[in-house]
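See below for the structure under consideration.
The values are calculated or read from the model by the stated rules, or taken from the named source; none is laboratory data. Being a predicted model, the structure only gives us computed values, none of them experimental. Backbone-built Cβ (ideal geometry, glycine too); neighbour counts: all protein chains shown.
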């Protein structure tokens, strides 16, 4: 019961944008202990592969899990060395040869809302939320492609300083510190 209270309090802090360091932004519906995992990607998000290029000292680790019920969950730890105002995070999909792609799943909530987190250490954990996009007509279609070609997807987080993204990692790319199970 105490854990539930802590999770609810953390979610309330994010919603009110009154956050102290370190930040823990946890969706109160995040308990996925009963959902079997099909694939787990653990990636190191870095600035050097962001497109468009934008100088930032921020970096992070994202754990993205695909569950057997077709849901996605994520837990992200961001080191916000420059004190940027972190706005939101996503999983994007790329076409071959493209530098950026549309948002497929939001990894921060509420969807479409700037979090404005400025703590030095930020943690966000929640279910991914599929959004209508030009590449996939449904969550199931997106999941099928993510399972088949994870290297065509990247996770990144955006800030006021770098609206296009300050830290990025491709799922399924070993050279970016990625592992898949």
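In segment 99-126, how many residues are surrounded by 19 or more Cβ atoms within 10 Å (Cβ to Cβ) and more than 11 Å from residue 153 (Cα to Cα)?
Going through segment 99-126 one residue at a time, the tally reaches 10.
Any chance segment 134-151 includes a residue that's out of contact with any helix residue (DSSP H, G or I) (no Cβ under 8 Å at 6 or more places or on another chain), at pLDDT 95 or above, under 22 Å from residue 39 (Cβ atoms) and assigned to a strand (DSSP E or B)?
Within segment 134-151, not a single residue is out of contact with any helix residue (DSSP H, G or I) (no Cβ under 8 Å at 6 or more places or on another chain), at pLDDT 95 or above, under 22 Å from residue 39 (Cβ atoms) and assigned to a strand (DSSP E or B).
Filtering segment 152-181 down to residues that are in a helix (DSSP H, G or I) and surrounded by fewer than 17 Cβ atoms within 10 Å (Cβ to Cβ), which residue is modelled with the lowest pLDDT?
The qualifying residue modelled with the lowest pLDDT is 175.
Condition check ((1) under 14 Å from residue 59 (Cα atoms); (2) within 14 Å of the chain's Cα centre (by Cα); (3) outside any loop (DSSP other than H, G, I, E, B); (4) at pLDDT 95 or above) across all residues:
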position: 81; (1), (2), (3), (4): yes, no, no, no
position: 91; (1), (2), (3), (4): no, yes, yes, yes
position: 99; (1), (2), (3), (4): no, no, no, no
position: 119; (1), (2), (3), (4): yes, no, no, yes
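Residue under question is residue 147, and the condition is that it be within 22 Å of residue 40 (Cα to Cα), touching a strand residue (DSSP E or B) at 6+ places or on another chain (Cβ under 7 Å) and surrounded by fewer than 16 Cβ atoms within 10 Å (Cβ to Cβ); does it hold?
When the stated conditions are applied, residue 147 passes them.
The rows are residues; the columns are (1) surrounded by fewer than 22 Cβ atoms within 10 Å (Cβ to Cβ); (2) at negative phi.
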{"residue": "40", "(1), (2)": "yes, yes"}
{"residue": "44", "(1), (2)": "yes, yes"}
{"residue": "47", "(1), (2)": "yes, yes"}
{"residue": "53", "(1), (2)": "yes, yes"}
{"residue": "62", "(1), (2)": "no, yes"}
{"residue": "70", "(1), (2)": "yes, no"}
{"residue": "75", "(1), (2)": "yes, yes"}
{"residue": "78", "(1), (2)": "no, yes"}
{"residue": "97", "(1), (2)": "yes, no"}
